[in-house]
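Laboratory data are not the source of any read-out in this text; all were calculated from the coordinates shown. All of these numbers come straight from a predicted model, not from anything done at the bench. Reconstructed Cβ throughout: ideal geometry from the backbone, glycine too, with neighbour counts over all protein chains shown.
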Amino acid sequence: TKSVKMLRPVKKSSKLDNVCYDIRGPVMARAKQMEDEGQRIIKLNIGNPAPFGFEAPEEIVQDVILNLPNASGYSDSKGLFSARKAIMHYTQSKGIAGVQIDDIIIGNGASELIVMAMQGLLNSGDEVLVPAPDYPLWTAAATLAGGVARHYICDESQNWMPDLDDIRAKITKHTRAIVIINPNNPTGALYTRELLMGVLAIAREHQLIIFADEIYDKVLYDGCEHISIASLADDVLCVTLNGLSKNYRACGYRAGWMAISGDKRHAQDYIEGLNMLASMRLCSNVPGQYAIQTALGGYQSIQDLVAPEGRLTRQRDLAWSLLTAIPGVTCVKPQAALYMFPKLDHKMYPIKDDQKFILDLLEEERVLLVQGTGFNWPYPDHFRVVILPYEDELREAMTRIARFLERYRKQ
Ligand code: PLP
């Protein structure tokens, strides 16, 4: 008989113990299983425009194809000069002062840079103020870096504006930075100048870095304008993140960037750390970098999608009106981005575990959403809807959600 050798369990690192990223979590795994069994699921869970018939602008695609023969080597670790130059001009066009070529780092999407920004900054126990609800990568990245994400509340009764008093109340001697996501995922909020000035005043007073995630800064409805927080101050250290994923529907190219602005004199050490992290991963995907200059300098086709009769505007309007027609469902109408974050009346829908709620919806009606707690929202009474599907599919999804909620009320 063969002796049975006990294998040592291969465990994930304890660094991951408190890291949570539900958007691609267990509910999505179940949806995948159902699809493998042949069921058709309406997916309103991920902000990936391509599967819904949104194409990247043709000139970007052509430029990447054209440059593919030049893209087989590593680039400068911060990115191609031509792409960074275009990004520099873009930051200038948004009124952000003092961004030089060397203040720009290109990454494999903003995601990689969010992780780098947190890894480069945080020591064990350092705190970062992150919005609730948030795009959960910020919380996950801060936690993975050994830091603590402290969540400040965005106020639904004030169009989801960050609550400045709550931000102030959560500052401790360990606080290093404030993250703002503007336009916001998951709420669709667009921040006012006054609000941004308020955040700057807090950052100035407590010497905090501002991380501004502006990846949806061109996805704006109703003629709204976006203000980069970094354009409102040249004394506060700001790291502004953006990329091609949403504005140009090119998330598969993995092309994002960060631009450092404000008073950098006292931050040379951190900037050195960021440069080191950029060098350690050699460079970001080079074919994707070739898309940046053409995208920023080319025809801004997103404008057609967010025009009054544009596809995204129509889908937002339809999804919002169908959703808010359901008893006990309220929702701040998004001014920007690709999402809605509706609230369920607690009396009508006394949900205890919103992941289970979303899983039940998936099993019973084959509609996939993400639960609000997946965005670090503290109560089980919200969920996120993606407005990317065509109107017919959105209509079908809302009918199914309404049917599910009606059964839930009658339980
Ligand atoms: N930031 C926000 C607010 C997002 O919603 C997303 C993607 O959904 C990202 C960053 C990541 O974007 P990228 O594709 O550039 O990594």
Anyone know which of SER124, SER261, SER231 comes out most mobile in the 10 Å Cα GNM of the chain? SER124
Taking 0.36 nm per residue of sequence separation and subtracting the Cα-Cα distance, how much length would be gained by fully extending the chain between ARG403 and GLU37, in nm to one decimal? 129.4 nm
Over the chain, with a Gaussian network built from C-alpha contacts below 10 Å, which listed residue (PRO380, PRO26, PRO342) shows the highest mean-square fluctuation? PRO26
Give, rounded to the nearest 20 debye, the magnitude of the charge dipole that the range 58-297 has about its Cα centre when Lys and Arg contribute +1 at Cβ and Asp and Glu contribute -1 at Cβ. 460
Choose one of GLY288, PHE375, LEU388: the residue whose Cα lies farthest towards the positive end of the charge dipole of the chain (beta-carbon charges +1 Lys, Arg; -1 Asp, Glu; about the Cα centre). PHE375
From phi via Karplus (6.51, -1.76, 1.60), per-residue ³J(HN,Hα) for the range 14-24 in Hz, x at Gly/Pro: 5, 4, 8, 3, 9, 8, 9, 9, 7, 4, 10
For the range 58-297, the Kirkwood Rh over every pair of distinct alpha carbons, in Å, works out to 17.9
Which value, in debye to the nearest 20, gives the size of the charge dipole of the chain about its Cα centre, when Lys and Arg are +1 and Asp and Glu are -1 at the Cβ? 1320
Choice from ALA307, ALA278, ALA110 with maximal GNM fluctuation in the chain (Cα, 10 Å cutoff): ALA307
What net charge is computed for the residues neighbouring ASP381, neighbours being all others with C-beta under 13 Å from the C-beta of ASP381, Lys and Arg scored +1, Asp and Glu -1? 0
Listed residue (HIS89, GLN315, VAL130) projecting farthest to the positive dipole end of the chain, Cβ model: VAL130
If packing is taken as the mean number of other Cβ atoms within 10 Å per residue, what is the order of 5-16, 62-73, highest first? 62-73, 5-16
From Cα pairs below 8 angstrom and at least 6 apart in sequence, can you work out the relative contact order of the chain, rounded to a whole percent? 22
Mind scanning LYS11/LYS32; LYS343/LYS410; LYS11/LYS78; LYS347/LYS410 and naming the pairs with a C-alpha gap bigger than 22 Å? LYS11/LYS32; LYS11/LYS78
Sorted from fewest to most neighbouring beta carbons within 10 Å, what does the list ASP102, ASP134 look like? ASP102, ASP134
MRE, 222 nm, helices only [DSSP H, n ≥ 4, -39500 (n - 2.57), over the chain, to nearest 500]: -11500 deg cm²/dmol
In percent, how large is the relative contact order of the range 58-297, given Cα pairs closer than 8 Å and 6 or more residues apart? 30
Given the chain, what whole percent of its Cα pairs are spread farther than 37 Å? 23
